[in-house]
Amino acid sequence: MVNMNRKKSLLVGGVAVSMVLAGCSIGGDTFNGVESPNRGVTVQATGTAEVVPDSVLLMFSVTALADSNEEAVRQVADLADKARESLRESDIDDDNVQTRTVTTYPEYQYGADGSQTLVGYRATQSFTVDIDDAGAAGSVVDALVVAVGDGLQIESVTPEVGDNKDALEVARESAIRNAREKAEDYADLLDVDLGDVQSVVEVTSPVTFEPRAVGESADSSMAKIGIDLGTQEVSVTVDVRWSLK
């Protein structure tokens, strides 16, 4: 009876060994049990960390409609100067302000019969502004609205992470920890011991946005813009290979 059990054990062991010699791959993980310097296990794992955006990218335009191109451009230039002055008063450095486009064109009104009537000439100047202090973004927009008035068009306000170094370190540490746990699970299942790390490859480090309401508001008789910064998820994926004893 003992001999039969031993035979069964050896048979199971023989099957396991045949799989090991051929190599075994499941998903992104690979086990190689061949008795050689290449004997090891490679696993892939991901670690994440959340960070609150520390800057905001503002895109806006100033626009004017007039009877001539010359007058439209003059009015837009005046509005653009007001916008620049407002940004300076909001402590936005000139180096953080960039003109994207300047356009001018005739604007028409179209009738049901297909006719068109010249309404005037529209001039537009578009800007991109980097707001280094994310918490001040709402106040910056509010000030622009007051300074420019109806000639202002806010196109987008996008929270961004300017410095994600700390978050990447946390995500990287988590990825390595997860990889080790995964490799140890394989080693336990295969009844072998985990050896030294042979290689580490960082695969990706994307940033994804998770909207969460942590924005600002202010009490005043004037309507205030609240910028919800939310959080962004920093992710690091690694491929790590360990030797097996």
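Descriptive notes on the structure:
- FRET E, pair residue 107, residue 155, Förster distance 22 Å, beta-carbon r, rounded to 0.05: 0.70
- Potential lengthening between residue 177 and residue 132 on full extension [0.36 nm per residue; Cα-Cα distance subtracted]: 12.8 nm
- Which of 176, 154, 227 has the fewest Cβ neighbours within 10 Å, and the rest in rising order: 154, 176, 227
- Region 184-203 versus region 36-83: alpha-carbon centroid distance in Å: 42 Å
- Highest-first arrangement of 44-57, 68-81, 94-107, where packing means the average Cβ count within 10 Å: 44-57, 68-81, 94-107
Computed from the coordinates by the stated procedures, all read-outs in this text should not be read as laboratory data. The model shown is predicted, which means the values in this text are computed figures rather than measured ones. Cβ: placed from backbone, ideal geometry, glycine included. Neighbour counts: every protein chain shown.
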